Amino acid sequence: MKEYQILVADSAESTREKICKLLNRKGYKTYHATDGAGTIRMARKIRPHIVILDTNIWGINAFEVARIIEADKLAVVVFMTNNPGQNLYERLRKMTIFAYITKPISPDQLYQITEFAIMNSNRIKVLNQKVEKLENTLEGRKKVDQAKGLLIERLGISEKEAYEYIRKKSMDLCKTMDKVAEEIIKKF
C-alpha cells in the first residue's frame with residue numbers, strides 16, 4: 001500500500017490526536033496544524049494527499065484556507081464540522097472533492113471518507129494529466145497548421161508539400177513538429 005500523507009488541521013488538540021491515531025492505524029502518515037495559516041504553510045511544505053480541515057479552525061477562515069490549498073493544487077480538502085448545514089453544502093459545491101466528516105468522529109466514517117477522497121483525488125489527477133496532454137497536442141497541431149498556411153502562402157506549395165516540409169525538417173533537426181512550426185512562424 002502506498003503511504004499516503006494526511007494533514008489534520010484542527011484547533012482542538014484532542015481531536016487532532018484522535019484522528020491522527022486512527023489514521024496511523026490504517027498506515028497513513030499524518031501531520032498536524034493548529035490554525036489556518038499553519039495549515040497552508042504545512043500543506044505547501046509536505047504536499048499531502050488530503051487535508052482534513054475543521055470548519056472552525058483558528059485564524060484564517062477555513063473556507064479561505066481550503067480555497068488557497070485547492071487553487072494552488074496542494075491537496076484536496078475534506079471538512080470536519082459539528083453542524084453540516086446549507087452554508088457548508090453551498091461551499092462544498094465549489095470544492096474539488098465534495099466530502100465532509102461530522103463530529104464526533106466515527107472511525108468507520110473517517111476511513112470511508114479518507115478512502116473516498118484518495119480514490120477520487122487520484123482519478124482527478126489522472127484526468128487533469130490527460131486534459132493537459134490533449135491541450136498540448138491541440139496547441140501543437142494549431143502551430144503546425146499555421147506554419148503550413150504560411151508555407152503555402154509564401155512558397156506557393158500544396159498543403160501536402162508544406163506538411164512534408166515540416167515533417168522532414170523535424171526529423172532532420174531532431175525536433176518536434178510543433179517546435180519546427182514555431183520557428184517557421186517566427187521566420188515569416
Practice problem: Please report, in debye to the nearest 20, how large the charge dipole of the chain is about its Cα centre when each Lys and Arg carries +1 at its beta carbon and each Asp and Glu carries -1 there. | Solution: 440 debye
Quiz item: Hey, which lysines would be in cross-link range of K29, C-alpha to C-alpha under 28 Å, not counting anything within fewer than 8 residues on its own chain?
Solution: K2, K18, K21, K45, K73, K94, K103, K125
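For a quick protection proxy, order the peptides 179-186, 37-44 by their average other-Cβ count within 10 Å, most packed first. Mind dumping the intermediate values first?
Details: 179-186: 17.1, 37-44: 19.1.
In decreasing order of mean packing, 179-186, 37-44 become 37-44, 179-186.
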Quiz item: Across bins of 5 angstrom width beginning at 0, how are the C-alpha pair distances of the stretch 84-184 distributed, in whole percent?
Solution: 2, 11, 13, 12, 10, 6, 6, 6, 7, 7, 7, 6, 4, 2, 0
Exercise. Please list the radius of gyration and Dmax for the stretch 100-149, considering alpha-carbon atoms only, with Å as the unit.
Key: 20.3, 65
Exercise. For D108, tell me the accessible area in Å² from a 1.4 Å probe, rounded to the nearest 10.
Key: 100 Å²
Quiz item: Once phi is turned into θ = phi - 60°, what whole-Hz ³J(HN,Hα) does the Karplus curve with 6.51, -1.76 and 1.60 give for every residue of the stretch 144-152, x standing for Gly and Pro?
Solution: 5, 5, 5, 5, 4, x, 5, 5, 4
Self-check item: 20 Å tail of the calculated P(r), the chain, as % of Cα pairs
Solution: 62 percent
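Calculate what fraction, in whole %, of the accessible area of the chain sits on carbon and sulfur atoms when a 1.4 Å probe is rolled over the protein chains. It would help to have the intermediate numbers written out before the result.
Details: 5880 of 11360 Å².
Carbon and sulfur: 52 percent of the exposed surface of the chain.
What do you get for Rg/Rh over the stretch 26-128 if you use C-alpha atoms and the Kirkwood form of Rh?
Details: Rg = 12.8 Å, Rh = 13.8 Å.
With Rh from the inverse mean 1/r over Cα pairs, Rg/Rh is 0.92.
Just from its helices, what would the mean residue ellipticity at 222 nm be for the chain, if runs of 4 or more DSSP H residues each count -39500 (n - 2.57) and the sum is divided by every residue, rounded to the nearest 500 deg cm²/dmol?
Numbers: 7 runs with 116 residues, N = 188.
Value at 222 nm, helices only: -20500 deg cm²/dmol.
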Quiz item: Given H placed on each backbone N at 1.01 Å, which residues far from T30 in sequence or on other chains put an amide H within less than 5 Å of it?
Solution: I6
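The values are calculated or read from the model by the stated rules, or taken from the named source; none is laboratory data. Owing to the predicted nature of the structure, the values given are computational and were not obtained by experimental measurement. Cβ: placed from backbone, ideal geometry, glycine included. Neighbour counts: every protein chain shown. Areas reflect the complete protein model, heavy atoms only, side chains present, ligands, DNA and RNA absent. Shrake-Rupley method; radii C 1.70, N 1.55, O 1.52, S 1.80 Å.
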